[in-house]
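Working notes for the structure below.
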Amino acid sequence: MEQVTRRDVLSRGLRALGAIPILGTAFAASSPLVRFFRPTVKPYEISPPPDVGEGGELVVAKASELTQAWDYRYFLYTLRLPEYTPRGAQHKQVPGVVVRLPEGAGDDFMVISRICPHLGCIFNYERDPKGVLEHCNYPATGPQFCCPCHFSVYDPLQKDAQGRRGKVISGPAPRAPFQFAWRLEGDDIVVYGMEEGSTA
Ligand code: FES
């Protein structure tokens, strides 16, 4: 068996110490490469998240008041939007409508903003199809929402591809009306928020 002397141990130790600068240099050289593939900082956020309006809770109708299919109520909902002035916020009143849907429609009620997604006119709920013909020049067979500014017609019985009720069936509107967040609490139909971008 080979005899290990004190001199051998010392010289191996010195050789190991001599390798440290080499390893350090190799690590320093490879570090940028490693950081390139695994960055330690997150991408810089160039644009902040969009401002979202806040609103409180509002009882917009009693379910027991809207007993028949197509019964409805208009209401005003107040949204608080951040504003970068000493005022801090501005309040916007959003006109809305809640409609009792007929059986088989998939939902008991629909609650939407009446601000037309086309150019912002306030549209109406036309319970009588004759009103849709008269105000929107559209031969409706049932109740519809009708914007008299440029004749957009929204169908309460249809949803668009994004699942929003009130699909556009006529006119230039680019999408279904903005939807309110709501819930049924006992007999109260309570609105507690709105779809993002709804007052733009
Ligand atoms: S603003 Fe309603 S259709 Fe143009």
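The values are calculated or read from the model by the stated rules, or taken from the named source; none is laboratory data. Predicted, not measured: the structure shown is a model, and the values here were computed from it. Ideal geometry is used to build each Cβ from the backbone, glycine not excepted, and the neighbour counts take in all protein chains shown. Note: areas computed on protein heavy atoms with side chains; ligands, DNA, RNA excluded. Shrake-Rupley method; radii C 1.70, N 1.55, O 1.52, S 1.80 Å.
From the list V59, V52, V34, the one residue that fits, being at pLDDT 85 or above and surrounded by 10 or more Cβ atoms within 10 Å (Cβ to Cβ), is V59. Taking the stretch 162-197 as the search range and keeping residues that are away from the ligand (no atom under 16 Å from the Cβ), hydrophobic (A, V, I, L, M, F, W, C) and open to solvent by 40 Å² or more (accessible area, probe 1.4 Å), which one is nearest to L133 (Cα to Cα)? In this case the residue turns out to be W182. Residues in the stretch 147-200 that are basic (K, R) and not in a loop (DSSP other than H, G, I, E, B): K159, R165, K167, R183.
Can you say whether G104 is on the phi > 0 side of the Ramachandran plot and under 19 Å from the mean Cα position of the chain (by Cα), as far as the supplied structure shows? When the stated conditions are applied, G104 does not pass them.
Total residues in the stretch 105-145 satisfying the condition of being touching a residue at least 12 places away in the same chain (Cβ under 8 Å) and within 16 Å of the ligand (Cβ to nearest atom): the figure is 23.
Here G120 meets the list (1) under 17 Å from E196 (Cα atoms); (2) touching a strand residue (DSSP E or B) at 6+ places or on another chain (Cβ under 9 Å) almost entirely, failing just condition (2). Any residue in the stretch 172-180 that is within 27 Å of L81 (Cα to Cα) and modelled with pLDDT under 95? No, the conditions are met nowhere in the stretch 172-180. Among the candidates G131, G96, G142, the residue that is assigned to a helix (DSSP H, G or I) and surrounded by 14 or more Cβ atoms within 10 Å (Cβ to Cβ) is uniquely G131.
Only one entry of I112, I122 meets the criterion of being modelled with pLDDT of 95 or more, β-branched (V, I, T) and open to solvent by 10 Å² or more (accessible area, probe 1.4 Å), and that entry is I122.
How about the stretch 149-161: which of its residues are open to solvent by 60 Å² or more (accessible area, probe 1.4 Å) and in contact with a helix residue (DSSP H, G or I) (Cβ under 7 Å, 6 or more places away or on another chain)? Across the stretch 149-161, the qualifying residue is only F151.
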